Amino acid sequence: MTLVLRIVLGLAVLLLPLGHRCLAEDNGVISRIIETEKTDFGNFYLDRANLTRLGIGVAGAAVFANTGMDRYIRNKYQNDLRSDVTDDTTRIFNISGTALALIVVPAYIGTYGVGKLLHNSTMEEWAQKSFRATVVGGPSLVFLAAVTGADRPTEGDSHWRPFQNFHGISGHSFIGSIPFITAAKMSENPYQKGIFYGLSTFPGLSRINDDKHYFSQVALAWYLAYLSCAAVEKGDDRQEKRVNVQLAPVPKGIAITVQKMY
């Protein structure tokens with residue numbers, strides 16, 4: 001898990017400076033990085049409503065983890081529902097969280113670059129929002145993995161034992177669901193939105209199917225990903241509504257342009 005976070009945070013230096021449409025008027029790479037990160041992290045870690053929602057999610061996961069509910073769901077699925085069909089369906093997601101980070105994060109950078117070359121703002125927006133959500137939720141992912149200290153299904157129960165293990169939340173589910181949740185939030189068509197939200201659950205379901213994580217560990221990771229994407233979206237909405245004032249030289253003086261986005 002810590003390796004995943006190092007990969008994500010290290011590559012942040014490469015993607016965040018590439019230019020955010022809402023911060024394009026800021027001067028300098030460093031100022032853009034700082035402003036973007038301050039906004040995202042503030043919306044996640046300093047927003048009372050968001051912290052309340054996160055607390056509710058953690059409390060809900062605790063109920064499943066520290067009772068027999070997780071074990072019941074695990075046994076029911078493995079004994080009655082798992083089959084060759086479910087194995088084949090989830091096989092595409094059957095890779096470790098670290099390997100997934102090594103695939104997904106460079107994919108964001110590549111997609112952003114292609115979008116830039118093709119002047120495709122949708123590709124640029126999706127890549128950057130997905131990456132920013134991964135970065136902003138990363139510290140919480142590592143913190144929750146440590147303080148829950150739960151085991152995998154093949155190692156023991158899901159009861160929380162702080163700092164005893166590192167599997168109380170699924171990094172695979174967190175990283176894998178973000179690109180789909182981002183796409184869902186960007187979609188205006190309700191049917192497309194529903195499809196993307198549905199696909200966002202598949203990385204976590206693959207971990208349940210492969211007996212790598214309990215239900216609570218997957219559900220908490222998905223919810224953390226959702227809150228991370230919402231924090232990024234909230235920051236962008238605020239930036240789009242602000243007033244932009246620009247100065248531009250003209251043949252006989254200076255032109256002042258004032259623009260307010262609604």
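Laboratory data are not the source of any read-out in this text; all were calculated from the coordinates shown. Please read all numbers here as calculations on a predicted model, not as lab measurements. With ideal geometry, Cβ positions are generated from the backbone for all residues, glycine too; neighbour counts draw on all protein chains shown.
Using the count of nearby Cβ atoms within 10 Å as a rough guide to exposure, how do H167, H213 rank from fewest to most? Don't jump to the answer; show the numbers that get you there.
Details: H167 21, H213 28.
Lowest to highest Cβ neighbour count: H167, H213.
Going highest first, how would you order 39-51, 83-95, 199-211 by mean Cβ packing within 10 Å?
Working: 39-51: 16.2, 83-95: 12.8, 199-211: 21.5.
For the peptides 39-51, 83-95, 199-211, the packing ranking is 199-211, 39-51, 83-95.
Arranged from highest to lowest average of other beta-carbon atoms within 10 Å per residue, in what order do the peptides 188-196, 101-109, 219-227 appear?
Details: 188-196: 11.7, 101-109: 18.0, 219-227: 25.0.
With the highest mean Cβ count within 10 Å placed first, the list reads 219-227, 101-109, 188-196.
Based on other C-beta atoms within 10 Å, arrange Y112, Y72 from fewest to most.
Sorted ascending by nearby Cβ count, the order is Y72, Y112.
Viscosity 0.890 mPa s, temperature 25 °C: what is the translational diffusion coefficient of region 140-224 from Stokes-Einstein with a Kirkwood Rh over Cα pairs, rounded to a whole number of µm²/s? Kindly include the intermediate steps, with their values, before the conclusion.
On the way: Rh = 13.1 Å.
Answer, rounded: 188 µm²/s.
Suppose the chain between E37 and V63 were pulled fully straight at 0.36 nm per residue; how much longer would it get relative to their current alpha carbon spacing? Before the final figure, lay out the partial values.
Numbers: separation 26, 0.36 × 26 = 9.36 nm, distance 3.29 nm.
Result for the pair: 6.1 nm of gain on full extension.
Between T52 and L102, what length in nm is gained on full extension when 0.36 nm per residue of separation is reduced by their alpha carbon distance?
14.8 nm
Given the peptides 64-71, 178-185, 115-122, arrange them by the average over their residues of other C-beta atoms within 10 Å, most packed first. It would help to have the intermediate numbers written out before the result.
Working: 64-71: 17.8, 178-185: 23.5, 115-122: 11.9.
In descending order of packing, they fall as 178-185, 64-71, 115-122.
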